[in-house]
Amino acid sequence: LFAGAWDGLYRSIDDGANWTFAPMDGAVCDIVAHDGFIWAGFQPGGVMRSADGGQTWSDVNVGIPSSSIVTVLEVHGGTVWGEYGTGTVIRWNGSSWDEMGTDRSNALLSLGDILLSATWDGRIEYTADQGASWHDFSTRYSGDTIECLEATDTHLVLGARASGYWARPLSDLP
């Protein structure tokens, strides 16, 4: 179990009863587990990953500018996706990060074969082809900056900076 902090990472091996702190060079913005690794996005510092449960970490920043702020990580389609800078969506290809053709992203959410991206300028986009093309899903949303995306069994739900939350049926997705 991991929890990010402004100055490092907390780790628990007993379901949160006890925590150990590991100082890091920057704020831990997001954490995901995939394919035997723990991945962490940093501000600043890009992405680091651990193969030993968080004991040691190595940089995995090929393809993103140095000192990038990576605030969002998501596992989708068998790989890790992220967001850096002013919202550029990136995908790990096994050895480096590829930019995936959409920007201004503030949140990512994987739903089966679809990856959704919500933006700081109030748009929702999705890809069903691993980022080759992006499509608008913002119909009926007229709010502002989207801070988070989640899903219930029946609805996509987003949290907006100044306008509360908004929901749309998942059945509207292709």
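The values are calculated or read from the model by the stated rules, or taken from the named source; none is laboratory data. Not measured: the values here are computed from a predicted model. No Cβ is skipped: glycine too gets one built from the backbone with ideal geometry, and neighbour counts run over all protein chains shown. Surface areas here come from the heavy atoms of the whole protein model, side chains and all, with no ligands, DNA or RNA. Shrake-Rupley method; radii C 1.70, N 1.55, O 1.52, S 1.80 Å.
If a spin label sat at a point 7 angstrom from the Cα of LEU170 along the line to its beta carbon, the backbone N atoms of segment 99-113 nearer than 18 Å would be those of 108-113.
Given a 1.4 Å probe and every protein chain left where it sits, what share in percent of the accessible area of the chain is carbon and sulfur?
Numbers: 4320 of 8580 Å².
Carbon-and-sulfur percentage of accessible area, whole number: 50.
Taking each residue as 0.36 nm, the span from GLU99 to THR154 lengthens on full extension beyond its C-alpha to C-alpha distance by 16.7 nm. When each of the peptides 135-148, 37-50, 58-71, 95-108 is scored by the mean number of other C-beta atoms lying within 10 Å of its residues, the order from highest to lowest reads 37-50, 95-108, 58-71, 135-148. The value obtained for segment 73-169, namely the Cα convex hull volume divided by the number of residues, is 86 Å³ per residue. Three principal axis extents describe the C-alpha atoms of segment 15-102; from largest down they are 42, 26, 19 Å.
For every other residue with a beta carbon closer than 9 angstrom to the beta carbon of LEU1, add +1 if it is Lys or Arg and -1 if Asp or Glu, then tell me the sum.
Details: positive: ARG11; negative: ASP14, ASP15.
Summing Lys and Arg as +1 and Asp and Glu as -1 gives -1.
Rg/Rh for segment 82-139 to two decimals, with Rh computed the Kirkwood way over all alpha-carbon pairs. Please list the in-between numbers first.
Values: Rg = 10.7 Å, Rh = 11.3 Å.
On the Cα set of segment 82-139, Rg over Rh gives 0.94.
What FRET efficiency, computed as 1/(1 + (r/R0)^6) with R0 = 25 Å and r the Cβ-Cβ distance, is obtained for ASP7 and SER66, rounded to the nearest 0.05?
Details: r = 21 Å, r/R0 = 0.83.
Calculated value: 0.75.
Sorted largest first, the principal axis extents computed over the alpha-carbon atoms of segment 129-171 equal 32, 23, 17 Å.
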